[in-house]
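For reference, the structure is listed below as structure tokens.
Every number here is computed from the coordinates shown, using simple stated rules; none is lab data. Quick caveat: nothing in here was measured; it's all calculated off a predicted structure. Cβ: placed from backbone, ideal geometry, glycine included. Neighbour counts: every protein chain shown.
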Amino acid sequence: MLAPGYTALEFDPPAAGSYALPPMGSAADGPVLDVHGQQHALKDFLGEKITVLSFIYTTCNDVNGCPLATFVFKSVQNAVLKDADITNQVRLISFSFDPDHDTPEALGQYSAHFKQEGFDWQFLTTASRKALDPTLEAYGQAVVRDYDAEGSYLGTMSHVLRVFLIDRQSRIRNIYSTSFLHADTVANDIRTLLAEAS
Amino acid sequence: MIQRLTNTAALLLCVIASSAVADETCMSPYMAKIVGQEDFVYIWTLGIEGVGDGQDKLVTVDVNPASETYSEVVHSTSVGGRNEAHHSGLTDDRRYLWASGLDTSKIFIFDVHSDPSKPRLHKTIGDFVTKTGGIVGPHTNYAMPGRMLLTGLSNNRDHGGRTGMAEYTNAGEYITTHWMPTDDNLQGAVKSGQFADGYGYDARALPRRNVLVTSSFTGWNNYMMNLGQMMADAEAMKRFGNTVVIWDLHARTPKKILDVPGAPLELRCAWGSQSNYCFTSTALTSKIWLIYEDDAGEWHAKAVADIGDASKIPLPVDISISADDGHLWVNTWNDGNVRLFDISDPHAPTQVFEQQIGAQINMVSQSWDGDRVYFTSSLLANWDKKEAAAGNDLQYFKLYGWDGEKLTPQFNLDFIELGLGAPHQMRFGAYALYGKSPAKENGAAATAR
């Protein structure tokens with residue numbers, strides 16, 4: 001069964017700006033690589049804009065996992081691009097937790113399928129699991145890597161999908177998971193934070 | 001959706017709101033589920049003076065028939081005192097179990113993922129009352145995406161029933177408080193009947209409908225009072241909740257207050273893709289109530305069945321809905337009975353089974369497939385019975401097999417004889433949730449993590 005994020009919402013969401021999204025603590029930092037292989041700190045991508053951050057890996061075959069996050073991000077991208085007032089105030093980040101496979105080059109190729117020209121959608125990875133794991137832990141993103149009986153890594157991972165809404169003070173303001181993630185909800189929350197700022 | 005089979009459990013790690021779930025049937029729709037054989041049941045247990053160390057504790061029982069220690073207590077973690085241990089709940093990723101105390105308002109967070117057979121106390125929240133602005137008696141520990149929702153039963157101003165809910169991050173950091181709507185401050189909610197009492201108890205989410213449902217019990221003054229004394233106190237008996245509140249789940253704002261007189265307790269929502277309803281039972285009036293959305297999108301409450309003979313005060317407590325929304329287990333504390341209702345027509349439940357489990361009974365938890373039904377006995381320290389008739393169990397944890405017609409005993413642990421205390425809330429654990437296995441934990445097989 002497909003997650004709700006693939007279909008129309010079954011309810012009218014509360015109007016943007018009519019509700020509060022209390023801060024849930026600071027968004028953590030960590031070393032990252034962009035699609036060009038350039039080293040950055042994750043914090044370099046936070047704070048300037050309202051940011052939506054998702055942990056994914058490109059070979060994930062769970063339709064209600066990473067592909068859902070990317071599908072929703074693409075829908076959010078479309079919604080934000082249609083609203084010229086907010087287009088330059090929003091950033092999406094797809095952050096891979098599979099540095100073995102998701103090299104900067106691989107992520108660059110992956111991003112070309114989804115990212116529209118002129119939209120701020122960053123695709124980030126890390127140099128190694130050692131560099132990655134503290135960041136995952138800081139975000140509470142548990143990942144179980146799958147191994148066969150001989151202890152060989154199967155290249156697949158199990159995880160509870162997490163997507164983070166981060167404000168201009170680099171504070172986490174909402175967390176979405178499979179049952180809850182929907183482009184309309186995310187876009188509404190983005191507008192709620194923007195209304196708050198104005 | 002990831003669905004994997006291991007030697008012990010089949011798991012749903014990515015969950016969606018419209019999935020069938022089982023107590024596993026009663027867990028948050030945001031949570032990873034155990035849909036096969038559970039390995040452990042974690043039992044949040046009240047300490048009893050003179051029984052073992054007398055402290056509240058998290059007791060771990062091995063419930064996997066394939067294990068050498070099946071039916072045994074394999075671990076116990078005491079928390080250093082008595083807090084009126086009551087309810088517990090897992091985070092959405094099931095890495096931590098939150099267990100709260102109704103008297104001290106402390107919340108104990110156990111790490112259940114590092115070694116599922118040996119939960120360890122990870123963190124204690126001791127400032128819940130001040131952080132939340134005065135909520136007393138954290139009750140339901142309910143998983144939301146990346147956070148926990150904690151319902152309260154009372155407040156620090158008069159220790160009555162007016163209360164609220166609080167949100168914490170999974171890491172145990174306070175986020176915010178939501179007070180229940182009252183006549184003084186409806187917070188924009190529609191008062192549909194006589195009551196807007198501001199009381200609280202349980203909470204359940206229906207993400208598909210953007211709805212959060214809350215129920216209402218009583219305050220610290222009552223739940224910490226001796227039961228006989230309270231029932232003889234006419235004024236005290238007036239101070240029970242009479243409401244269920246429908247909230248905007250996303251905005252966390254109350255939308256409608258429904259009259260459900262008689263202390264509506266546990267809430268259990270159906271999970272069919274077109275099933276927009278929940279059940280609750282009323283402790284004082286002994287009825288099953290249906291909380292439902294009509295075709296126009298309006299929410300209503302109505303009594304749909306009697307639970308035993310209300311004049312005999314059976315005192316309904318925990319309820320558990322089956323994965324297919326077809327049946328509802330209903331425990332009645334005072335007579336120690338479990339009843340099963342056919343709820344295939346939610347507007348007209350019919351009782352199809354009844355059996356006494358012990359001298360008293362409180363919680364019921366069933367496996368995803370409904371084949372295994374677990375029971376515990378304790379309600380509240382000052383309400384629990386102190387003795388049982390010969391041959392009847394007082395403080396127990398029991399497993400029965402259910403074949404659709406009868407309950408077949410599997411094992412029975414006497415928590416007094418074992419020096420543990422009074423067992424209350426049960427939560428399931430499994431190695432496979434964390435990519436682990438018993439062999440790996442014992443170092444007997446190759447590991448690669």
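Inside 10 Å of the C-beta atoms of B:202-210, what's the mean count of C-beta atoms belonging to other chains?
Values: counts 0, 0, 0, 2, 1, 8, 5, 2, 8.
Whole-number average of other-chain Cβ neighbours for B:202-210 is 3.
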**Prompt:** Placing +1 at every Lys and Arg Cβ and -1 at every Asp and Glu Cβ, with all other atoms neutral, what dipole size does the protein assembly as shown have around its Cα centre, in debye to the nearest 20?
**Reply:** 1020 debye
**Fill in**
Filtering trypsin sites (Lys or Arg not before Pro) in region B:217-325 by DSSP loop and by at most 14 other Cβ atoms within 10 Å leaves B:Lys238
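Could you tell me what % of all Cα pairs in region B:130-215 have separations over 21 Å? List each step's numbers first, then the result.
Working: 1052 of 3655 pairs.
Summing the P(r) tail past 21 Å for region B:130-215 gives 29 percent.
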**Request:** Report, as a whole number in µm² per second, the diffusion coefficient that Stokes-Einstein gives for region A:136-185 at 4 °C and 1.567 mPa s using the Kirkwood radius over alpha carbon pairs.
**Result:** 99 µm²/s
**Item:** Per-residue average of Cβ from other chains inside 10 Å of B:140-147
**Value:** 4
**Prompt:** What's the exposure ranking of A:Thr156, B:Thr214, going from fewest to most Cβ atoms within 10 Å?
**Reply:** A:Thr156, B:Thr214
**Message:** To make sure I understand, if each residue's beta carbon is the centre and we count other beta carbons within 10 Å, what order do B:His300, B:His424 fall in, fewest to most?
**Reply:** B:His300, B:His424
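On a full-extension model of 0.36 nm per residue, what is the gain between B:Asp324 and B:Asp414, subtracting their alpha-carbon distance, rounded to one decimal in nm? Spell out each step's value before the answer.
Values: separation 90, 0.36 × 90 = 32.40 nm, distance 3.22 nm.
The span from B:Asp324 to B:Asp414 would gain 29.2 nm if fully extended.
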**Prompt:** To the nearest Å, what is the center-to-center distance of region B:162-182 and region A:68-109, using C-alpha atoms only?
**Reply:** 32 Å
**Prompt:** Relative to the Cα centre, what is the charge dipole magnitude of region A:1-128, using +1 at the beta carbon of each Lys and Arg, -1 at the beta carbon of each Asp and Glu, and rounding to the nearest 20 debye?
**Reply:** 160 debye
**Complete:** For region A:1-102, the convex hull over Cα atoms projects on average to an area in nm² of 8.5 nm²
**Complete:** Normalised Cα Rg of region B:253-302, dividing by 2.2 N^0.38 Å with N its residue count, works out at 1.16
**Request:** Among DSSP beta bridges lying fully in the protein assembly as shown, give the percent that are antiparallel, nearest 5.
**Result:** 90 percent
**Pairwise Cα inverse-distance average, inverted: Kirkwood Rh of chain A (Å)** = 17.1 Å
**Prompt:** Working out 0.36 nm times the residue gap between A:Met1 and A:His113, then minus their Cα-Cα distance, what length gain in nm do you get to one decimal?
**Reply:** 37.9 nm
**Complete:** By the C-alpha gyration tensor axes a ≥ b ≥ c (rounded if a/c is under 1.5, else prolate when a/b exceeds b/c, else oblate), the shape of region B:300-449 is oblate
**Message:** Using a 7 Å offset from the Cα along the Cα-to-Cβ direction at both B:Glu354 and B:Ala234, what is the distance between the two label points in nm, to one decimal?
**Reply:** 3.1 nm
**Asked** With point charges of +1 on the Cβ of Lys and Arg and -1 on the Cβ of Asp and Glu, referenced to the Cα centre of region B:184-334, which listed residue (B:Ala263, B:Leu206, B:Ser273) lies farthest in the positive direction of the dipole?
**Response** B:Leu206
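Could you work out Rg/(2.2 N^0.38 Å) for region B:3-435, with Rg from alpha carbons only?
0.89
How compact is the protein assembly as shown by the rule of thumb for globular proteins, expressed as Cα Rg over 2.2 N^0.38 Å? Please report the intermediate quantities before stating the final value.
Working: Rg = 24.3 Å, N = 647, 2.2 N^0.38 = 25.7 Å.
Dividing the Cα Rg of the protein assembly as shown by 2.2 N^0.38 Å gives 0.95.
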**Item:** Relative contact order computed over chain B (Cα-Cα under 8 Å; 6+ residues apart), in percent
**Value:** 15 percent
**Complete:** Note, B:Thr177: beta-carbon cut-off 15 Å, +1 each Lys/Arg, -1 each Asp/Glu, net +2
**Asked** By a straight-distance test (C-alpha under 13 Å), which aspartates and glutamates pair with A:Lys130 as possible cross-link partners, with residues fewer than eight away in the same chain excluded?
**Response** A:Asp98, A:Asp100
**Message:** Quick check: the distance between the Cα centres of region B:229-307 and region B:138-154, to the nearest angstrom?
**Reply:** 18 Å
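Can you give the charge dipole size of region B:192-281 about its Cα centre, rounded to the nearest 20 debye, using +1 on the beta carbon of Lys and Arg and -1 on the beta carbon of Asp and Glu? Display every interim value, and only then the final one.
Working: 9 positive and 7 negative charges, 87 e Å.
Value, rounded to 20: 420 debye.
Using the 10 angstrom Cβ neighbour count as an exposure proxy, how do A:Thr192, A:Thr59 rank, fewest first? Walk me through the numbers before you get to the answer.
Numbers: A:Thr192 23, A:Thr59 15.
In order of increasing Cβ crowding within 10 Å: A:Thr59, A:Thr192.
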